[in-house]
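Shown next, in C-alpha coordinates, is the structure this report addresses.
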Amino acid sequence: MKEKIASIEQEIQAYSIQNPSELEKFRIEFLGSKNKLKDLFGELKTVPNEQKKEVGQLLNSLRTLAEEKFNSVKDTLDTGSSEKISIDFSMPGEPSEIGARHPLMQVRSEIIEIFSRIGYTVSEGPEIEDDWHNFTALNFPPEHPARDMQDTFFVKSEKGEMALRTHTSSVQVRVMENQKPPIRTISPGRVYRNEAISARAHCFFHQVEGLYIDKNVSFADLKQTLLYLAKEMFGETAQIRMRPSYFPFTEPSAEVDVSCTICNSKGCNVCKYSGWLEILGCGMVDPAVLESCGIDSKEYSGFAFGMGIERITQLKYKVNDLRLYSENDVRFLKQFKGSI
(Lines give C-alpha, C1' and ligand atoms only; values in the text may rest on other atoms or scores of the structure.)
Protein backbone atom coordinates (compact mmCIF):
# COMPACT_ATOMS: atom_id res chain seq x y z
CA MET A 1 0.00 0.00 0.00
CA LYS A 2 2.81 2.35 0.88
CA GLU A 3 4.57 1.48 -2.34
CA LYS A 4 1.45 2.37 -4.36
CA ILE A 5 1.20 5.72 -2.55
CA ALA A 6 4.88 6.48 -3.22
CA SER A 7 4.46 5.54 -6.89
CA ILE A 8 1.46 7.83 -7.40
CA GLU A 9 3.24 10.62 -5.53
CA GLN A 10 6.14 10.42 -8.00
CA GLU A 11 3.65 10.35 -10.87
CA ILE A 12 1.94 13.55 -9.62
CA GLN A 13 5.23 15.37 -9.17
CA ALA A 14 6.47 14.36 -12.61
CA TYR A 15 3.19 15.14 -14.42
CA SER A 16 3.84 17.82 -17.04
CA ILE A 17 1.05 20.38 -17.57
CA GLN A 18 1.52 22.93 -20.37
CA ASN A 19 -2.02 23.94 -21.33
CA PRO A 20 -5.60 23.87 -20.07
CA SER A 21 -6.41 20.54 -21.73
CA GLU A 22 -3.52 18.81 -19.94
CA LEU A 23 -4.65 20.42 -16.69
CA GLU A 24 -8.12 18.97 -17.19
CA LYS A 25 -6.63 15.51 -17.80
CA PHE A 26 -4.66 15.84 -14.58
CA ARG A 27 -7.83 16.80 -12.68
CA ILE A 28 -9.74 13.79 -14.04
CA GLU A 29 -6.90 11.38 -13.29
CA PHE A 30 -6.10 12.48 -9.76
CA LEU A 31 -9.10 14.54 -8.52
CA GLY A 32 -12.06 13.38 -10.60
CA SER A 33 -14.94 11.17 -9.51
CA LYS A 34 -13.05 8.02 -10.59
CA ASN A 35 -9.49 9.10 -9.82
CA LYS A 36 -6.60 6.91 -8.74
CA LEU A 37 -6.63 8.21 -5.19
CA LYS A 38 -10.21 7.11 -4.73
CA ASP A 39 -9.20 3.54 -5.38
CA LEU A 40 -6.47 3.76 -2.75
CA PHE A 41 -8.92 5.12 -0.19
CA GLY A 42 -11.12 2.16 -0.98
CA GLU A 43 -8.25 -0.24 -0.18
CA LEU A 44 -7.66 1.43 3.21
CA LYS A 45 -10.10 -0.99 4.83
CA THR A 46 -7.79 -3.90 3.97
CA VAL A 47 -4.85 -2.35 5.81
CA PRO A 48 -4.08 -3.79 9.27
CA ASN A 49 -5.51 -1.69 12.10
CA GLU A 50 -2.10 -0.77 13.50
CA GLN A 51 -1.13 0.76 10.10
CA LYS A 52 -4.41 2.48 9.20
CA LYS A 53 -3.51 5.76 10.90
CA GLU A 54 -0.18 6.07 9.15
CA VAL A 55 -1.54 5.03 5.75
CA GLY A 56 -4.53 7.37 6.13
CA GLN A 57 -2.20 10.31 6.77
CA LEU A 58 -0.16 9.42 3.69
CA LEU A 59 -3.31 9.28 1.57
CA ASN A 60 -4.47 12.68 2.82
CA SER A 61 -1.04 14.15 2.08
CA LEU A 62 -1.20 12.64 -1.41
CA ARG A 63 -4.59 14.21 -2.11
CA THR A 64 -3.36 17.58 -0.77
CA LEU A 65 -0.35 17.35 -3.09
CA ALA A 66 -2.60 16.78 -6.11
CA GLU A 67 -4.92 19.67 -5.16
CA GLU A 68 -2.03 22.09 -4.59
CA LYS A 69 -0.46 21.25 -7.94
CA PHE A 70 -3.78 21.65 -9.71
CA ASN A 71 -4.48 25.05 -8.13
CA SER A 72 -0.98 26.41 -8.66
CA VAL A 73 -0.97 25.47 -12.35
CA LYS A 74 -4.53 26.73 -12.81
CA ASP A 75 -3.51 30.20 -11.61
CA THR A 76 -0.91 30.44 -14.38
CA LEU A 77 -3.16 29.28 -17.22
CA ASP A 78 -6.17 30.83 -18.89
CA THR A 79 -8.69 28.11 -18.11
CA GLY A 80 -11.75 30.25 -18.87
CA SER A 81 -11.45 30.15 -22.65
CA SER A 82 -9.48 28.30 -25.25
CA GLU A 83 -8.86 31.63 -27.01
CA LYS A 84 -6.78 34.40 -25.52
CA ILE A 85 -8.38 37.83 -25.50
CA SER A 86 -6.21 40.39 -27.21
CA ILE A 87 -6.39 43.93 -25.81
CA ASP A 88 -5.13 46.92 -27.73
CA PHE A 89 -4.02 49.29 -24.99
CA SER A 90 -3.54 52.10 -27.50
CA MET A 91 -7.29 52.28 -28.16
CA PRO A 92 -9.21 55.03 -26.31
CA GLY A 93 -11.21 53.84 -23.29
CA GLU A 94 -14.95 53.91 -23.03
CA PRO A 95 -16.14 57.36 -21.88
CA SER A 96 -17.74 57.53 -18.45
CA GLU A 97 -20.50 59.97 -17.56
CA ILE A 98 -19.50 62.55 -14.96
CA GLY A 99 -22.20 63.74 -12.59
CA ALA A 100 -22.94 67.34 -11.68
CA ARG A 101 -24.73 69.30 -9.01
CA HIS A 102 -28.42 70.04 -9.48
CA PRO A 103 -28.99 73.47 -11.10
CA LEU A 104 -30.79 74.70 -7.97
CA MET A 105 -27.79 73.77 -5.84
CA GLN A 106 -25.48 75.48 -8.32
CA VAL A 107 -27.45 78.72 -8.07
CA ARG A 108 -27.71 78.36 -4.28
CA SER A 109 -23.92 78.13 -4.07
CA GLU A 110 -23.54 81.13 -6.37
CA ILE A 111 -25.88 83.25 -4.23
CA ILE A 112 -23.95 82.28 -1.09
CA GLU A 113 -20.69 83.21 -2.82
CA ILE A 114 -22.07 86.60 -3.93
CA PHE A 115 -23.16 87.55 -0.41
CA SER A 116 -20.04 86.14 1.22
CA ARG A 117 -18.04 88.80 -0.64
CA ILE A 118 -19.82 91.51 1.34
CA GLY A 119 -19.58 89.85 4.73
CA TYR A 120 -22.71 87.69 4.99
CA THR A 121 -22.53 84.39 6.87
CA VAL A 122 -24.76 81.34 6.32
CA SER A 123 -27.34 80.26 8.94
CA GLU A 124 -29.52 77.14 8.87
CA GLY A 125 -32.45 75.84 10.92
CA PRO A 126 -35.05 73.05 11.16
CA GLU A 127 -37.62 72.49 8.40
CA ILE A 128 -40.34 71.59 10.93
CA GLU A 129 -40.99 74.68 13.02
CA ASP A 130 -43.11 75.74 15.97
CA ASP A 131 -45.65 78.55 15.74
CA TRP A 132 -43.41 81.07 17.51
CA HIS A 133 -40.51 80.94 15.07
CA ASN A 134 -42.61 80.50 11.93
CA PHE A 135 -45.35 83.05 12.71
CA THR A 136 -45.68 84.81 16.07
CA ALA A 137 -42.16 86.21 16.39
CA LEU A 138 -42.52 87.58 12.85
CA ASN A 139 -45.54 89.69 13.77
CA PHE A 140 -48.17 87.04 12.93
CA PRO A 141 -50.46 86.98 16.00
CA PRO A 142 -53.02 84.12 16.03
CA GLU A 143 -55.86 86.26 14.67
CA HIS A 144 -53.75 88.12 12.11
CA PRO A 145 -55.19 87.86 8.55
CA ALA A 146 -51.64 87.67 7.17
CA ARG A 147 -51.56 84.02 8.25
CA ASP A 148 -54.01 83.35 5.43
CA MET A 149 -51.42 84.62 2.93
CA GLN A 150 -49.39 81.47 3.41
CA ASP A 151 -51.05 78.09 2.87
CA THR A 152 -49.35 76.01 5.51
CA PHE A 153 -48.77 72.27 5.96
CA PHE A 154 -49.41 71.62 9.66
CA VAL A 155 -47.92 68.67 11.52
CA LYS A 156 -49.17 67.15 14.76
CA SER A 157 -46.47 66.17 17.24
CA GLU A 158 -45.85 65.62 20.95
CA LYS A 159 -44.87 69.29 21.21
CA GLY A 160 -48.24 70.38 19.88
CA GLU A 161 -49.09 71.70 16.47
CA MET A 162 -46.01 72.22 14.32
CA ALA A 163 -45.68 73.27 10.69
CA LEU A 164 -43.46 72.69 7.72
CA ARG A 165 -41.78 76.08 7.57
CA THR A 166 -43.30 78.43 5.01
CA HIS A 167 -40.17 80.58 4.79
CA THR A 168 -36.63 80.59 6.09
CA SER A 169 -37.41 83.73 8.10
CA SER A 170 -37.77 81.32 11.02
CA VAL A 171 -33.99 80.86 10.84
CA GLN A 172 -33.53 84.63 11.09
CA VAL A 173 -35.60 84.64 14.28
CA ARG A 174 -33.32 82.02 15.79
CA VAL A 175 -30.26 84.07 14.80
CA MET A 176 -31.66 87.26 16.38
CA GLU A 177 -32.53 85.37 19.57
CA ASN A 178 -29.01 84.00 19.96
CA GLN A 179 -26.76 86.66 18.49
CA LYS A 180 -26.22 90.32 19.30
CA PRO A 181 -26.01 92.93 16.51
CA PRO A 182 -24.35 93.59 14.20
CA ILE A 183 -25.96 90.68 12.30
CA ARG A 184 -25.35 90.02 8.61
CA THR A 185 -26.53 86.58 7.51
CA ILE A 186 -28.35 84.66 4.79
CA SER A 187 -30.53 81.59 5.36
CA PRO A 188 -30.80 79.15 2.43
CA GLY A 189 -33.16 76.18 2.67
CA ARG A 190 -36.25 74.32 1.51
CA VAL A 191 -39.72 75.61 2.38
CA TYR A 192 -43.25 74.29 1.91
CA ARG A 193 -46.60 75.82 0.97
CA ASN A 194 -49.88 74.21 0.02
CA GLU A 195 -50.11 75.72 -3.44
CA ALA A 196 -51.28 74.48 -6.83
CA ILE A 197 -48.36 73.17 -8.89
CA SER A 198 -47.75 75.08 -12.13
CA ALA A 199 -44.95 76.48 -14.28
CA ARG A 200 -44.57 79.31 -11.75
CA ALA A 201 -45.35 77.63 -8.39
CA HIS A 202 -44.83 74.40 -6.46
CA CYS A 203 -45.77 72.95 -3.07
CA PHE A 204 -42.10 72.92 -2.08
CA PHE A 205 -39.35 75.21 -3.21
CA HIS A 206 -36.08 76.74 -2.06
CA GLN A 207 -35.41 80.14 -0.57
CA VAL A 208 -32.51 82.33 0.44
CA GLU A 209 -33.40 85.00 2.96
CA GLY A 210 -31.05 87.74 4.08
CA LEU A 211 -30.90 89.80 7.27
CA TYR A 212 -28.77 92.82 8.16
CA ILE A 213 -29.12 94.52 11.55
CA ASP A 214 -26.86 97.28 12.82
CA LYS A 215 -26.98 100.91 13.85
CA ASN A 216 -28.25 103.41 11.25
CA VAL A 217 -29.24 100.85 8.59
CA SER A 218 -31.42 102.51 5.94
CA PHE A 219 -33.63 101.60 2.99
CA ALA A 220 -30.91 102.93 0.70
CA ASP A 221 -28.57 100.22 2.04
CA LEU A 222 -31.20 97.62 1.16
CA LYS A 223 -31.66 98.94 -2.38
CA GLN A 224 -27.94 98.99 -3.11
CA THR A 225 -27.52 95.46 -1.73
CA LEU A 226 -30.24 94.11 -4.02
CA LEU A 227 -28.90 96.00 -7.05
CA TYR A 228 -25.50 94.46 -6.33
CA LEU A 229 -27.11 91.00 -6.23
CA ALA A 230 -28.92 91.52 -9.57
CA LYS A 231 -25.83 92.68 -11.40
CA GLU A 232 -23.61 89.94 -9.97
CA MET A 233 -26.17 87.26 -10.81
CA PHE A 234 -27.50 88.44 -14.18
CA GLY A 235 -24.83 90.79 -15.49
CA GLU A 236 -24.17 94.51 -15.53
CA THR A 237 -27.15 95.19 -17.82
CA ALA A 238 -29.66 93.79 -15.30
CA GLN A 239 -32.25 96.27 -14.07
CA ILE A 240 -34.44 96.14 -10.96
CA ARG A 241 -37.57 97.92 -9.89
CA MET A 242 -39.15 98.13 -6.44
CA ARG A 243 -42.91 98.21 -5.85
CA PRO A 244 -44.57 99.00 -2.51
CA SER A 245 -45.93 95.88 -0.86
CA TYR A 246 -46.88 94.43 2.52
CA PHE A 247 -45.25 91.86 4.77
CA PRO A 248 -46.08 91.49 8.48
CA PHE A 249 -42.44 91.44 9.53
CA THR A 250 -41.14 94.43 7.53
CA GLU A 251 -42.23 98.08 7.30
CA PRO A 252 -41.93 99.62 4.79
CA SER A 253 -41.98 96.64 2.42
CA ALA A 254 -41.39 96.20 -1.29
CA GLU A 255 -41.49 93.63 -4.07
CA VAL A 256 -38.42 93.57 -6.30
CA ASP A 257 -38.59 92.76 -10.01
CA VAL A 258 -35.71 92.12 -12.36
CA SER A 259 -35.76 92.52 -16.12
CA CYS A 260 -36.76 89.17 -17.65
CA THR A 261 -33.75 87.43 -19.17
CA ILE A 262 -35.86 84.69 -20.75
CA CYS A 263 -37.39 87.07 -23.30
CA ASN A 264 -34.96 90.00 -22.92
CA SER A 265 -37.83 92.09 -21.52
CA LYS A 266 -39.92 91.61 -24.69
CA GLY A 267 -42.64 89.60 -22.89
CA CYS A 268 -43.23 85.86 -22.44
CA ASN A 269 -45.50 83.47 -20.54
CA VAL A 270 -43.10 83.38 -17.58
CA CYS A 271 -43.07 87.15 -17.03
CA LYS A 272 -46.74 87.39 -18.11
CA TYR A 273 -45.68 89.50 -21.07
CA SER A 274 -44.63 92.38 -18.82
CA GLY A 275 -40.87 92.18 -19.36
CA TRP A 276 -40.33 91.97 -15.58
CA LEU A 277 -40.20 89.02 -13.23
CA GLU A 278 -40.66 89.20 -9.48
CA ILE A 279 -37.67 87.68 -7.72
CA LEU A 280 -37.93 88.66 -4.07
CA GLY A 281 -39.66 90.55 -1.31
CA CYS A 282 -37.89 92.86 1.09
CA GLY A 283 -38.25 95.68 3.60
CA MET A 284 -37.02 97.24 6.80
CA VAL A 285 -37.38 94.91 9.78
CA ASP A 286 -40.46 95.87 11.82
CA PRO A 287 -39.46 97.21 15.27
CA ALA A 288 -41.93 94.77 16.84
CA VAL A 289 -39.96 91.85 15.37
CA LEU A 290 -36.72 93.23 16.78
CA GLU A 291 -38.27 93.62 20.22
CA SER A 292 -39.74 90.09 20.09
CA CYS A 293 -36.23 88.75 19.57
CA GLY A 294 -34.67 90.83 22.35
CA ILE A 295 -33.09 93.56 20.20
CA ASP A 296 -33.52 97.23 21.15
CA SER A 297 -35.38 98.77 18.19
CA LYS A 298 -34.46 102.29 19.33
CA GLU A 299 -30.77 101.55 18.98
CA TYR A 300 -30.76 99.16 16.03
CA SER A 301 -32.48 98.94 12.66
CA GLY A 302 -32.16 96.52 9.80
CA PHE A 303 -33.50 95.12 6.57
CA ALA A 304 -34.54 91.67 5.40
CA PHE A 305 -35.16 90.10 2.00
CA GLY A 306 -36.17 86.71 0.68
CA MET A 307 -35.94 85.16 -2.77
CA GLY A 308 -36.91 81.87 -4.41
CA ILE A 309 -33.94 79.98 -5.84
CA GLU A 310 -36.18 78.39 -8.49
CA ARG A 311 -37.15 81.80 -9.82
CA ILE A 312 -33.54 82.99 -9.91
CA THR A 313 -32.54 79.79 -11.73
CA GLN A 314 -35.36 80.31 -14.25
CA LEU A 315 -33.97 83.71 -15.11
CA LYS A 316 -30.32 82.70 -15.15
CA TYR A 317 -30.73 79.61 -17.34
CA LYS A 318 -33.93 80.60 -19.19
CA VAL A 319 -35.97 77.70 -17.83
CA ASN A 320 -39.67 78.31 -18.53
CA ASP A 321 -41.17 75.70 -16.18
CA LEU A 322 -39.97 75.21 -12.60
CA ARG A 323 -41.58 71.76 -12.43
CA LEU A 324 -38.60 70.52 -14.43
CA TYR A 325 -36.37 70.92 -11.38
CA SER A 326 -38.08 68.09 -9.47
CA GLU A 327 -38.98 65.65 -12.26
CA ASN A 328 -35.51 64.01 -12.35
CA ASP A 329 -35.39 64.04 -16.14
CA VAL A 330 -31.76 63.32 -17.00
CA ARG A 331 -32.16 65.00 -20.38
CA PHE A 332 -32.87 68.25 -18.54
CA LEU A 333 -30.35 67.89 -15.72
CA LYS A 334 -27.35 66.97 -17.88
CA GLN A 335 -27.54 70.38 -19.59
CA PHE A 336 -26.10 71.96 -16.45
CA LYS A 337 -22.89 69.93 -16.16
CA GLY A 338 -20.61 72.75 -17.22
CA SER A 339 -22.57 75.63 -15.71
CA ILE A 340 -20.59 76.12 -12.50
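The values are calculated or read from the model by the stated rules, or taken from the named source; none is laboratory data. Nothing here was measured: the structure is a model prediction, and the numbers come from that model. A quick note on method: Cβ atoms are made from the backbone with ideal geometry, for glycine too, and the neighbour counts reach across all protein chains shown.
Of the numbered criteria (1) hydrophobic (A, V, I, L, M, F, W, C); (2) modelled with pLDDT under 95; (3) under 30 Å from SER218 (Cβ atoms), the one VAL330 fails is (3).
Residue count for region 184-241 under the criterion of being farther than 18 Å from MET284 by Cβ and among the β-branched types (Val, Ile, Thr): the result is 4.
Being on the phi > 0 side of the Ramachandran plot, assigned by TED's automatic domain parsing to the domain that holds ARG184 and touching a Cys at 6+ places or on another chain (Cβ under 8 Å) is not true of GLY294.
Within region 104-126, the residues that satisfy the criterion of being surrounded by fewer than 16 Cβ atoms within 10 Å (Cβ to Cβ) and either part of a loop (DSSP other than H, G, I, E, B) or at pLDDT below 90 (or both) are ARG117, ILE118, GLY119, GLU124, PRO126. For region 178-215, a tally of residues being surrounded by fewer than 22 Cβ atoms within 10 Å (Cβ to Cβ), in contact with a helix residue (DSSP H, G or I) (Cβ under 8 Å, 6 or more places away or on another chain) and either among the polar types (S, T, N, Q) or not in a strand (DSSP E or B) (or both) returns 7.
Residues that are surrounded by 14 or more Cβ atoms within 10 Å (Cβ to Cβ), of a type outside the set (A, V, I, L, M, F, W, C) and part of a helix (DSSP H, G or I) are absent from region 240-250 altogether. In a residue-by-residue description of region 279-290, the property of being surrounded by 14 or more Cβ atoms within 10 Å (Cβ to Cβ), touching a residue at least 60 places away in the same chain (Cβ under 8 Å), assigned by TED's automatic domain parsing to the domain that holds ILE111 and not hydrophobic (A, V, I, L, M, F, W, C) applies to at least one position. Restrict the check to region 135-146 and report whether at least one residue is at pLDDT below 85, outside any loop (DSSP other than H, G, I, E, B) and surrounded by 13 or more Cβ atoms within 10 Å (Cβ to Cβ). Scanning region 135-146, I find at least one residue that is at pLDDT below 85, outside any loop (DSSP other than H, G, I, E, B) and surrounded by 13 or more Cβ atoms within 10 Å (Cβ to Cβ), so the answer is yes. For region 1-103, give me every one of the helices (runs of 4 or more DSSP H) that falls completely inside it and has 2 or more residues that are at pLDDT 75 or above and of a type in the set (Asp, Glu). The helices (runs of 4 or more DSSP H) meeting that bar are 2-14, 20-31, 49-76. Pairs meeting the criteria (first residue in region 31-51 and of a type outside the set (Gly, Ala, Ser), second residue outside any helix (DSSP H, G or I) and surrounded by 13 or more Cβ atoms within 10 Å (Cβ to Cβ), beta carbons under 6 Å, at least 6 apart or on different chains) are VAL47/MET1.
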